[in-house]
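S.K.: Would you mind keeping the following structure in view while I ask a few things?
The values are calculated or read from the model by the stated rules, or taken from the named source; none is laboratory data. Just so we're clear, the structure is a prediction, and the values are computed from it rather than from any experiment. Note: ideal-geometry Cβ built from the backbone for every residue, glycine included; neighbour counts use all protein chains shown.
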Amino acid sequence: MSNDVQDLAARAGRSDSLELLARIGYAASGLIHLLIAWIAGQVALGGSGEADQSGALQQLSGTPVGGVLLWVCAAGFAALAIWHLVEAAVPHGGSTKDQFFDRGKAVGKAVVYGALGWTTFQVVTGQGSDSGESTTSATATLMQAPAGRILVGVVGLVVLGVGAYHVYKGVARKFLEDLKGTGGGEVTRAVEVLGVTGYTAKGVALGIVGALIGLAALQADPDQETGLDAALKTLQDQPFGWILLLLVAIGLAAYGIYSFARARYSTM
């Protein structure tokens with residue numbers, strides 16, 4: 001990577017405005033997770049709804065200030081995507097292996113937040129689509145490619161791995177490395193509990209998504225539903241599923257509240 005690109009990335013990384021928007025992006029992520037948790041809780045108790053990003057964004061759009069909040073969320077997600085791209089571009093310390101891992105993780109986060117920003121933009125401009133259907137459609141399209149079943153299987157394993165990492169990050173409290181102490185002190189016990197609960201619950205949800213994608217590959221079924229909404233409703237279909245879904249909903253709500261703390265205390 002050229003020095004000019006690294007210098008440009010370093011200057012962008014020192015932008016107070018970009019940092020503020022990126023912190024708003026973490027808060028926006030918290031709001032979305034709270035709405036997903038609310039919908040999932042309603043489904044667990046016999047209600048209906050689409051418990052994923054699109055469902056949360058559509059619910060948000062129906063509020064009196066929904067349009068303004070959606071634009072703020074879109075800007076925050078876009079800023080987070082740019083922030084992580086900058087993080088991938090600037091020099092990293094450590095071994096070559098560690099640098100490669102850190103850059104790859106930063107690019108992955110940039111893709112995730114970029115996709116969230118794009119989805120939010122589509123909703124606020126009236127072009128929103130069902131994210132569950134989009135995920136299923138993407139799986140079906142990939143299935144038709146040469147060695148498509150293998151590719152879908154690999155995607156499933158990757159998502160499963162990301163879910164497992166979230167569980168590990170929560171249980172091992174690795175997320176504390178992302179935070180700076182409150183007022184120069186230690187991160188509060190409440191934030192720590194929220195992080196452990198939230199990361200674990202989100203990891204379980206992502207793990208089920210990965211398993212559904214893997215199942216689509218094994219069965220060569222391009223119509224297998226593979227999104228977050230399908231994953232949570234698959235959980236509901238298990239014995240005592242409504243209890244399991246309710247527990248995951250509580251965990252996702254914890255992740256949402258933790259994200260607000262991260263917006264304030266994240267090490268940027």
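S.K.: Anything in segment 108-131 that is at pLDDT below 90, farther than 11 Å from residue 53 by Cα and aliphatic (A, V, I, L, M)? List them, or say none.
M.R.: 124
S.K.: Which of the residues spanning segment 225-262 are crowded, with 17+ Cβ neighbours inside 10 Å and part of a loop (DSSP other than H, G, I, E, B)?
M.R.: If the condition is that a residue be crowded, with 17+ Cβ neighbours inside 10 Å and part of a loop (DSSP other than H, G, I, E, B), then 225, 226, 227 are the ones that fit.
S.K.: Sticking with this structure for a sec: Consider residue 55 against the criteria (1) surrounded by fewer than 18 Cβ atoms within 10 Å (Cβ to Cβ); (2) under 17 Å from the mean Cα position of the chain (by Cα); (3) at pLDDT 85 or above: it satisfies all of them except one. Which criterion is unmet?
M.R.: (1)
S.K.: Can you find a residue that is assigned to a helix (DSSP H, G or I), small (Gly, Ala, Ser) and at negative phi anywhere in segment 169-185?
M.R.: yes
S.K.: Can you spot a residue in segment 18-26 that is under 19 Å from residue 245 (Cβ atoms) and either crowded, with 24+ Cβ neighbours inside 10 Å or touching a His at 6+ places or on another chain (Cβ under 8 Å) (or both)?
M.R.: No - not one qualifying residue is present in segment 18-26.
S.K.: Something else: Starting from segment 207-224, keep only residues that are closer than 24 Å to residue 166 by Cα and crowded, with 16+ Cβ neighbours inside 10 Å, then list their pairs with residues that are basic (Lys, Arg) and at pLDDT 80 or above whose Cβ atoms are within a distance under 8 Å, requiring at least 6 positions of separation or different chains.
M.R.: As it stands, the answer is 217/149, since those pairs meet every condition given.
S.K.: Looking only at residues that are assigned to a helix (DSSP H, G or I) and among the small types (Gly, Ala, Ser) in segment 26-52, which one is nearest to the chain's Cα centre (by Cα)?
M.R.: Step by step, filter segment 26-52, then rank; the result is 29.
S.K.: Does segment 193-200 contain at least one residue that is surrounded by 13 or more Cβ atoms within 10 Å (Cβ to Cβ), modelled with pLDDT under 90 and under 19 Å from the mean Cα position of the chain (by Cα)?
M.R.: There is no residue in segment 193-200 that is surrounded by 13 or more Cβ atoms within 10 Å (Cβ to Cβ), modelled with pLDDT under 90 and under 19 Å from the mean Cα position of the chain (by Cα).
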